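One structure is given below, encoded as structure tokens.
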Amino acid sequence: MIETFFVLVGIGVVLSFIRILLGPTSSDRVAALDTMNVMLIGTITVIALILKRGIYLDIALVYGLLSYLETVVISRYLEGRK
Amino acid sequence: MSVFIASLVLWLFLTGFSYQELVVGILVSIAVASVFRNYHRIKFDRKLLVRLFKFIVIYLPVFIVEMVKANIDVAARVLNPKLPLNPGFVKVKTDLESEVSRLFLANSITLTPGTLTLDGKDDHLYIHWIDVKTMDKKEEAISARFERILKGVFE
Amino acid sequence: MMWNEVLGGILMIIGGFFYFLGGLGMIRMPDVYNRLQAGTKATTLGTFSTVLGVGIYYPPFLIKALIIIAFVALTNPVGSSTLARASYFAGVKPAPITKVDEFEGGEEK
């Protein structure tokens with residue numbers, strides 16, 4: 001049952017990764033990276049469920065915090081560079 | 001003081017309720033509150049519980065229903081082989097005053113069918129709309145419902 | 001199988017399906033703004049569904065799962081709207097099918 005989840009997420013991550021490789025501008029790459037980060041948050045919580053360890057939920061939370069920070073900082077950088 | 005209460009509640013939810021966590025949480029919250037003493041954005045008064053209750057009862061169901069609709073819409077667009085798109089940037093006026101309600105309005109617009117907030121300036125919001133139908137009644141189509149609800153909740 | 005395991009599993013699979021749609025939207029949409037629309041909406045609902053499914057499957061995780069949901073719901077739209085605004089200012093042209101543009105370059109920095 002959970003294997004189906006991993007198959008779907010795997011296809012999604014591969015598709016966003018293709019967009020990171022192809023992306024015509026850096027904005028496309030950052031958008032795909034942001035999408036991939038949110039997918040990985042969900043995947044980390046499912047791994048926490050499989051291993052039955054609560055600490056992985058904290059890891060997911062910190063990962064989300066860092067990915068949000070990364071998106072905002074890179075956007076600020078792109079905005080400043082005309 | 002309000003920062004202290006907010007960080008203590010967050011700490012207890014994150015670590016679980018026990019005696020040792022309570023002591024450590026009080027110490028950490030005192031440290032956080034003394035650093036952020038000058039930020040008085042969060043105010044606790046008697047209306048806060050009423051607001052929280054209204055927020056959960058009125059706002060959240062509408063928001064979740066709209067979000068599921070938005071996702072079905074996006075799914076239909078993505079899975080359609082012809083990719084029906086008609087995008088454009090539009091400008092929408094808003095009446096909301098406080099910053100918190102504007103933040104929630106912008107978030108709701110981003111997560112509802114086919115719209116993405118770009119920028120907010122004075123009392124206008126700039127929105128990327130995936131399917132521009134009319135130019136006359138755009139406020140009615142995009143933001144009117146959430147604006148009414150959020151006005152009832154926050155102001 | 002308990003009922004909560006079945007419900008949690010179904011929610012997780014729905015979440016995985018929305019993640020897949022997010023990835024597909026990333027590939028198929030024509031420009032960065034439409035990609036952000038598809039990516040943000042699909043992954044936010046996917047995270048809601050998946051993390052709620054984990055919380056229902058194994059109830060000791062439920063409180064922390066709700067915190068993660070609230071956190072993602074607050075930060076993900078803000079991040080993508082910041083990114084859309086930045087790419088507009090950086091001069092990324094919208095796709096040629098874009099009809100209306102009332103933003104008009106925004107304010108000059």
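The values are calculated or read from the model by the stated rules, or taken from the named source; none is laboratory data. Treat the numbers as computed from the prediction; the structure is a model and nothing was measured. Here Cβ is always computed from backbone atoms with ideal geometry, including for glycine, and neighbour counts include all displayed protein chains. Please note that ligands, DNA and RNA were not included when accessible areas were found on the heavy atoms of the full protein model with its side chains. Shrake-Rupley method; radii C 1.70, N 1.55, O 1.52, S 1.80 Å.
With a/c under 1.5 counting as rounded, go ahead and sort segment C:3-89 into rounded, prolate or oblate using the C-alpha gyration tensor (a ≥ b ≥ c being the square roots of the eigenvalues; past the cut-off, prolate if a/b is larger than b/c, else oblate).
Oblate shape, in that a/c is at least 1.5 and b/c is the bigger or equal ratio.
Tell me the angle of helix A:26-51 to the major Cα principal axis of chain A, expressed in degrees between 0 and 90 and rounded to the nearest ten.
With both axes taken from Cα atoms, the answer is about 10 degrees.
Using a cut-off of 13 Å between beta-carbons, work out the net charge of the residues near A:Thr71 (Lys and Arg +1, Asp and Glu -1, A:Thr71 not included).
0
Over segment C:3-89, average the accessible area per residue using a 1.4 Å probe and give it in Å², no decimals.
Using a 1.4 Å probe on heavy atoms only, each residue of segment C:3-89 averages 27 Å².
Ignoring ligands, DNA and RNA, what accessible area per residue does chain A give at 1.4 Å, in Å²?
So chain A comes to 49 Å² accessible per residue, rounded to a whole number.
What accessible surface, in Å², does a 1.4 Å probe find on B:Thr117, ignoring ligands, DNA and RNA and rounding to the nearest 10?
Only protein atoms counted, so the area is about 10 Å².
What is the set of long-range amide H partners of B:Leu118 at a cut-off below 5 Å, with H atoms built 1.01 Å from backbone N?
B:Tyr126, B:Ile127, B:His128
How big a patch of accessible area, both sides summed and in Å² to the nearest 100, lies buried between C and A at a 1.4 Å probe?
What C and A bury together is about 4100 Å².
Summarise the accessible area of segment C:3-89 (1.4 Å probe, protein heavy atoms) by the percent that is carbon and sulfur.
Carbon with sulfur: 78 percent of the solvent-accessible area.
At a 1.4 Å probe radius, carbon and sulfur cover how many percent of the accessible area of segment A:2-80?
76
Could you go through segment C:25-38 in sequence order and give the Karplus-derived ³J(HN,Hα) for each residue, using 6.51 cos²θ - 1.76 cosθ + 1.60 with θ = phi - 60°, rounded to whole Hz, and x for Gly and Pro?
Using θ = phi - 60°, the values come out as x, 4, 6, 8, 6, x, 9, 5, 6, 5, 4, 4, 4, 4 Hz.
Per residue in segment C:25-41, which ones lose no less than 30 Å² of accessible surface when going from chain alone to all protein chains (1.4 Å probe)?
C:Met26, C:Ile27, C:Arg28, C:Met29, C:Val32, C:Tyr33, C:Asn34, C:Arg35, C:Gln37, C:Lys41
Taking each residue in B:104-117, count the Cβ atoms of any other chain within 10 Å of its Cβ, then average. What number comes out?
4
Radius of gyration and Dmax for segment A:2-80's Cα atoms, expressed in Å?
14.2, 44
A drop of at least 50 square angstrom in accessible area, chain alone versus all protein chains together, probe 1.4 Å. Which residues of segment B:3-22 meet that?
Listed in order, they are B:Phe13, B:Leu14.
Go through segment A:3-15 residue by residue and turn each phi into a ³J(HN,Hα) via Karplus (6.51, -1.76, 1.60, θ = phi - 60°); whole Hz please, and just put x for glycine and proline.
4, 4, 4, 5, 4, 4, 5, x, 4, x, 5, 5, 4
Once both axes come from the Cα atoms, what is the angle between helix A:55-80 and the longest principal axis of chain A, in degrees from 0 to 90, rounded to 10?
Rounded to the nearest ten degrees, it is 10.
For peptide C:45-57, how many partner chain Cβ atoms fall within 10 Å of a residue's Cβ, on average?
If you average over the peptide's residues, the count of other-chain Cβ atoms is 6.
Would you mind giving the total buried accessible surface between chains C and B, with a 1.4 Å probe and ligands, DNA and RNA left out, rounded to the nearest 100 Å²?
Chain pair C/B: roughly 3600 Å² of buried accessible area.
Can you give the mean number of other chain Cβ atoms that lie within 10 Å of the Cβ atoms in peptide A:62-71?
Across A:62-71, the average partner-chain Cβ count within 10 Å equals 3.
As a test of the formula, what do you get for chain A when each DSSP H run with n ≥ 4 contributes -39,500 (n - 2.57) and the sum is divided by the residue count, at 222 nm and rounded to the nearest 500 deg cm²/dmol?
Per the formula, -31500 deg cm²/dmol.
Can you compute 3J(HN,Hα) from phi for each residue in segment B:73-78, using the Karplus curve 6.51 cos²θ - 1.76 cosθ + 1.60 with θ = phi - 60°, rounded to whole Hz and x for Gly and Pro?
In residue order, the calculated couplings are 4, 5, 5, 5, 5, 5 Hz.
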